[in-house]
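Each value in this text was obtained by applying a stated rule to the coordinates, not by laboratory testing. Keep in mind that what you see is a predicted model, and the values were worked out from it rather than measured. Counting neighbours? That spans all protein chains shown, and the Cβs are built from the backbone with ideal geometry, glycine included.
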Amino acid sequence: MLGKDYERQDCSLARALEAIGERWTLLIVRDAFYGVRRFTDFQAHLDIPKAVLSDRLRGLVEDGILKRRPDPKHAGRHIYELTAAGRDLWPVLYALLVWGGRHRNQNSRDFKHADCGTLLDENGRCTKCDLTPGPEDIVSEPRRGRRKIRDDPVAIALRTPHRLLEPVET
Ligand SMILES: [Zn+2]
């Protein structure tokens with residue numbers, strides 16, 4: 001079996017990829033930034049097999065990117081939230097979104113500075129305020145004119161402007 005470690009690569013990129021380089025992992029992290037916190041919501045939004053989702057969530061918790069705590073609303077279930085190290089992945093995620101938009105196809109969502117409503121530039125900066133807001137100060141909304149191709153509860157909740165890291169209500 002192909003392992004997920006790059007033992008003989010003495011580079012911090014290899015260490016980062018050991019944590020986030022597996023298939024689905026970054027999409028789970030993206031959804032966590034969108035405020036998805038429950039297993040059933042990740043599953044509904046990602047169409048990911050349950051076993052794979054369980055494995056990836058466990059790995060992200062072990063690697064200190066997500067933290068898990070009991071769900072106050074559902075006994076026996078859990079809530080997953082980004083740790084400080086997980087939140088540090090925002091610039092990486094945003095850079096990949098921009099790259100995908102430039103070289104693959106246009107992203108379906110816009111990202112704006114919450115304080116002033118200005119669209120962030122390709123470096124994630126608000127040029128009006130001359131700063132780079134953290135994810136907690138960014139509002140994401142569907143790009144106008146984009147066809148809605150998903151109708152799961154998370155996708156529906158995200159059709160209205162949504163501040164990153166604020167829990168989605170499904
Ligand atoms: Zn601004």
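Remarks
- Cα-based convex hull, the chain, per residue volume (Å³, whole number): 143 Å³
- Averaging 1/r across all pairs of distinct Cα atoms in segment 127-170 and inverting the result yields a Kirkwood radius of 12.0 Å.
- Residues whose amide H falls under 5 Å from that of LEU66, counting only those 5 or more places apart or on a different chain, are VAL61, THR83, with hydrogens built in the peptide plane.
- Dipole magnitude (debye, nearest 20) for the chain, charges at Cβ of Lys, Arg, Asp, Glu: 580 debye
- Table column - 3J(HN,Hα) (Hz), segment 129-142, Karplus curve with 6.51, -1.76, 1.60, x for Gly and Pro: 8, 6, 8, 10, x, x, x, 5, 10, 10, 10, 10, 8, x
- Over 32 Å (Cα to Cα) - which of LYS4/LYS148; LYS50/LYS73; LYS50/LYS128; LYS4/LYS67 fall in this group: LYS4/LYS148; LYS50/LYS128
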